[in-house]
Amino acid sequence: MTRYRKRKLLGGIKICGLIMLPVAASCVIPGISSALSRAEEISIRRNTAANAPAAAESGQTSYNYRNEQGDILSDEEILSSGYGFAEETEDAADTENPFYAVSDNPGAKPYPTEDEWVPGGSIVRTTYGTFSGATYFDLEKCGQVNNQSSLSNDEVFAESKYLPDFTLTDTDEPQVLIYHTHTTESFEPYVRDFCDASFNYRTTDPTKNMVMVGDEICKELEKAGIGVIHAAEIHDYPSYNGSYARSRATIEPILKQYPSIKVALDIHRDAISSGGNAYQPYVEIDGREAAQVMIISGCDDGTLGMPNYLKNFRFASCLQQQLEGDYPGFTRPILFDYRKYNQDLTTGSLLIEVGSHGNTLEQVQYSGQLIGKSLAELLTSIKK
């Protein structure tokens, strides 16, 4: 029996109970103490299970990797777990806050423990709104572009109105690749007043770095029936220099093995700071805080070997409008600039900055979920 059907049954039972309340009162009162004791026991067991260490996958490419847990409580206990009568949404049981997750293999550079934090500059919480200036323009539906190219805003705007160069099909083959050039990029543990003066906001722990964000995107794509590969290899540790060459070496064989892949997203985080202070760009969406995101779509001045860069930009514009339309305020303007970032490999290659180092683990986790939902919606809409 599904949880929803159980709740409906429970609802019916409780309605009958209300009707029979005057008759049953004398029988119910003696059992109140026992029932409360049982409910407390269940609550304790459920909270203990919810905070148990979670195993994490890392260091390998996984195709259609899933990590879905069943109900924490047994069938006998579920009726006493405190669920309401209304049907829960898909997001009712969110992924565990990554701050509490414990990795089986945190790697050579673990995330700091609380007794290792050294207070530094301040955390500046901010929400970026609409930008103005000569390089900025609005897209047709919503969202903005920061045009740092030599093309005029009118030329770039005209390109933004085209659909992506590709379509998806109904296939069991993977059609999306998620990877991380700067895999070890990390975040604040939670909302607090100060940033850490001793932490460079990088860790090899996959529950605290970009792999965690990529996992959330992949889960949403899989829910929508879109095949995805998540390449979780570390490319920026121990050496940061040469990261893009190493990530290219990872993804080129995948693209060769799976020509069905149309979209390749390099998931990063930004680093916004000033005077020793770290910025935390966030927006409230459905009562929760999400880190604001920024798409980077590279362009070519003839020296970068990206003849199809405008096709990537068309996809960037569609994704930007999908994200901003679904979640107003979620995006910063697309950065359209002379950068390559391995975006020559497909016509659906983009880099996405998910928050900054001043954002919290929970904020970027939520952003990963939102990106995955909007991306799935967009890709489903352009299926053949």
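Which of the numbered conditions does Asn359 fail, given that it passes all the others? Conditions: (1) touching a Lys or Arg at 6+ places or on another chain (Cβ under 9 Å); (2) more than 18 Å from Tyr128 (Cα to Cα); (3) crowded, with 23+ Cβ neighbours inside 10 Å.
Failed condition: (2).
Please determine whether any residue of segment 306-317 is free of Cβ contacts under 8 Å to residues at least 40 places away in the same chain and either of a type in the set (S, T, N, Q) or surrounded by fewer than 18 Cβ atoms within 10 Å (Cβ to Cβ) (or both).
yes
Every residue in segment 218-255 that is closer than 15 Å to Ser349 by Cβ and either open to solvent by 20 Å² or more (accessible area, probe 1.4 Å) or assigned to a helix (DSSP H, G or I) (or both), please.
Passing the criteria: Tyr244, Ser247, Arg248, Thr250, Ile251, Glu252, Ile254, Leu255.
Exactly one of (1) assigned to a helix (DSSP H, G or I); (2) without any contact (Cβ under 8 Å) to a residue 60 or more places away in the chain is unmet by Asp172. Its number?
Looking at each condition in turn, Asp172 falls short on (1).
Residues Met294, Met306: which one is touching a Lys or Arg at 6+ places or on another chain (Cβ under 9 Å), modelled with pLDDT of 95 or more and in a strand (DSSP E or B)?
Met294
Any idea which residue in segment 183-200 is nearest to Pro98 (Cα to Cα), counting only those that are assigned to a loop (DSSP other than H, G, I, E, B), in contact (Cβ under 8 Å) with a residue 60 or more places away in the chain and open to solvent by less than 20 Å² (accessible area, probe 1.4 Å)?
Pro189
Tell me, yes or no, whether segment 150-160 has at least one residue that is outside any loop (DSSP other than H, G, I, E, B), within 21 Å of the chain's Cα centre (by Cα) and polar (S, T, N, Q).
Looking through segment 150-160, none of the residues is outside any loop (DSSP other than H, G, I, E, B), within 21 Å of the chain's Cα centre (by Cα) and polar (S, T, N, Q).
So Lys208 fits all but one of (1) over 18 Å from the mean Cα position of the chain (by Cα); (2) among the basic types (Lys, Arg); (3) open to solvent by less than 50 Å² (accessible area, probe 1.4 Å); what number is the exception?
(1)
What pairs come out if I take residues in segment 114-128 that are closer than 15 Å to Tyr190 by Cβ and pair them with residues that are outside any strand (DSSP E or B) and of a type outside the set (D, E, K, R) whose C-beta lies under 7 Å away, six or more apart or interchain?
If the second residue must be outside any strand (DSSP E or B) and of a type outside the set (D, E, K, R), the pairs left are Pro119/Ala197; Ile123/Gly358.
The values are calculated or read from the model by the stated rules, or taken from the named source; none is laboratory data. Because the structure is a prediction, the values reported are computed rather than measured. Glycine gets a Cβ as well: all are built from the backbone with ideal geometry, and neighbour counts include every protein chain shown. For the accessible areas, the whole protein counts, side chains as well, though only heavy atoms, and no ligand, DNA or RNA atoms are used. Shrake-Rupley method; radii C 1.70, N 1.55, O 1.52, S 1.80 Å.
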